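The structure appears right after this line, and notes come after that.
The values are calculated or read from the model by the stated rules, or taken from the named source; none is laboratory data. This structure is a prediction, so every number in the text was calculated from the model and none was measured. Backbone-built Cβ (ideal geometry, glycine too); neighbour counts: all protein chains shown.
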Amino acid sequence: MEHVTSTPTAKAPAERFTGDVYLNLIENPTEPARLAMGLVRFTPGARTNWHSHALGQVLHITDGAGLVGTRDGHVVRVRAGETVKCPAGEEHWHGATDTNLMAHIAVVVGDGSGDGTTWLEAVTDEQYDRALSEG
């Protein structure tokens, strides 16, 4: 058994997120493990860039209300206690609504060369506003 104490909260990198996003790492994979987990907190209006994961991603919402969107325009409005599974290679984004904080535990399995995430361009304000009205 290993008892892991809490990690310091870090501000998420601006080149991958819009708005204020904070991260507490839960599990950082070291060989041979490939599981990566983090508690991610989004302030109202904050969101990830478009991105995909080589082996998929699971998001479990722990607090607040948020949105998860895909390139085909599908948007899901999520609340605490709900889970979203993003399949391998699907380009998507996730974040808070414009009026609520949102926190989730993000789980990915790395591909052996990192966490398998491919980061892309920012979600535009127009894409975000459309998601708010459709989600």
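Only one of the numbered conditions (1) within 25 Å of Val4 (Cβ to Cβ); (2) in a loop (DSSP other than H, G, I, E, B); (3) touching a Gly at 6+ places or on another chain (Cβ under 8 Å); (4) not polar (S, T, N, Q) is violated by Gly114, and that is (3).
Does Thr124 satisfy the condition of being closer than 18 Å to Ala14 by Cα, polar (S, T, N, Q), surrounded by fewer than 16 Cβ atoms within 10 Å (Cβ to Cβ) and free of Cβ contacts under 8 Å to residues at least 60 places away in the same chain? The answer is yes for Thr124. The number of residues in the range 92-121 being surrounded by 15 or more Cβ atoms within 10 Å (Cβ to Cβ) and of a type in the set (Asp, Glu) comes to 1. Is it the case that the range 50-73 has a residue that's within 20 Å of Thr118 (Cα to Cα), assigned to a loop (DSSP other than H, G, I, E, B) and free of Cβ contacts under 8 Å to residues at least 24 places away in the same chain? Checked the range 50-73: at least one residue is within 20 Å of Thr118 (Cα to Cα), assigned to a loop (DSSP other than H, G, I, E, B) and free of Cβ contacts under 8 Å to residues at least 24 places away in the same chain.
Residue check: Gly89 meets all listed conditions (1) in contact with a Ser or Thr (Cβ under 9 Å, 6 or more places away or on another chain); (2) surrounded by fewer than 17 Cβ atoms within 10 Å (Cβ to Cβ); (3) on the phi < 0 side of the Ramachandran plot but one, namely (3). Kindly provide the set of residues from the range 64-111 that are among the β-branched types (Val, Ile, Thr), in contact with a strand residue (DSSP E or B) (Cβ under 6 Å, 6 or more places away or on another chain) and at pLDDT 95 or above, ordered by number. Answer for the range 64-111, where residues must be among the β-branched types (Val, Ile, Thr), in contact with a strand residue (DSSP E or B) (Cβ under 6 Å, 6 or more places away or on another chain) and at pLDDT 95 or above: Val68, Thr70, Val75, Val76, Val78, Thr83, Val84, Thr97, Ile105, Val107.
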